[in-house]
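The structure appears right after this line, and notes come after that.
The values are calculated or read from the model by the stated rules, or taken from the named source; none is laboratory data. From a predicted model like this one, the values you see are computed outputs, not experimental measurements. Note: ideal-geometry Cβ built from the backbone for every residue, glycine included; neighbour counts use all protein chains shown.
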Amino acid sequence: MTENNRLGQFISEKRMQNSMTKQELAGLIGISTAYLSQIESGIRCNPKEDIIANLISCLHLTTEETYKLYDLYAAVNSTIAIDVTHYMKQNAIVSKAIRIAEKYGAKESDWFEFIEKLNK
């Protein structure tokens, strides 16, 4: 399954879990039913951020589901997740930290240790 299909399938599954038709969801998020069908089938995969935000709201996604949607969207579009991008723009030090991590070859274990420190 391609990344495009994974994004579309996730949206389709969440729509059905909310007992919504394509027409209902499309109307709520402000797009055509045809466009939603293209997103769900993987033909289109780069809706604007406001459409993503409307999907999150209308599908009543949990925080974890929202992160999954952001990550699927990022994978399809070869970009960084929307929420991470916003945080990085607001906090320039994050870019510096990532560059330093890259320079010194930070491993996944280093990032887990960093996350644990933040969680304390």
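Evaluate the following for residue 95: is it touching a helix residue (DSSP H, G or I) at 6+ places or on another chain (Cβ under 7 Å), without any contact (Cβ under 8 Å) to a residue 12 or more places away in the chain, in the same structural domain as residue 111 (by TED's automatic domain parsing) and small (Gly, Ala, Ser)? So that I can check it myself, show each step before the final result.
Values: touching a helix residue (DSSP H, G or I) at 6+ places or on another chain (Cβ under 7 Å): yes; without any contact (Cβ under 8 Å) to a residue 12 or more places away in the chain: yes; in the same structural domain as residue 111 (by TED's automatic domain parsing): yes; small (Gly, Ala, Ser): yes.
Taking the combined requirement at face value, the residue satisfies it.
If you filter region 18-62 down to residues that are within 16 Å of the chain's Cα centre (by Cα) and among the acidic types (Asp, Glu), you find that the one that is farthest from residue 6 (Cα to Cα) is 50.
Going by the conditions given, is residue 39 in contact with a Pro (Cβ under 9 Å, 6 or more places away or on another chain), surrounded by 12 or more Cβ atoms within 10 Å (Cβ to Cβ) and without any contact (Cβ under 8 Å) to a residue 24 or more places away in the chain? Can you show your working first?
Details: in contact with a Pro (Cβ under 9 Å, 6 or more places away or on another chain): yes; surrounded by 12 or more Cβ atoms within 10 Å (Cβ to Cβ): yes; without any contact (Cβ under 8 Å) to a residue 24 or more places away in the chain: no.
Here the answer is no, as residue 39 does not meet what is asked.
Annotation note: Cβ proximity below 7 Å between a residue of region 53-76 that is in the same structural domain as residue 31 (by TED's automatic domain parsing) and a residue that is small (Gly, Ala, Ser) and not in a helix (DSSP H, G or I) (sequence gap 6+ or interchain) occurs for 54/30; 70/81; 71/81; 74/81. Scanning region 29-88 for residues that are of a type in the set (Ser, Thr, Tyr) and at positive phi yields a total of 1.
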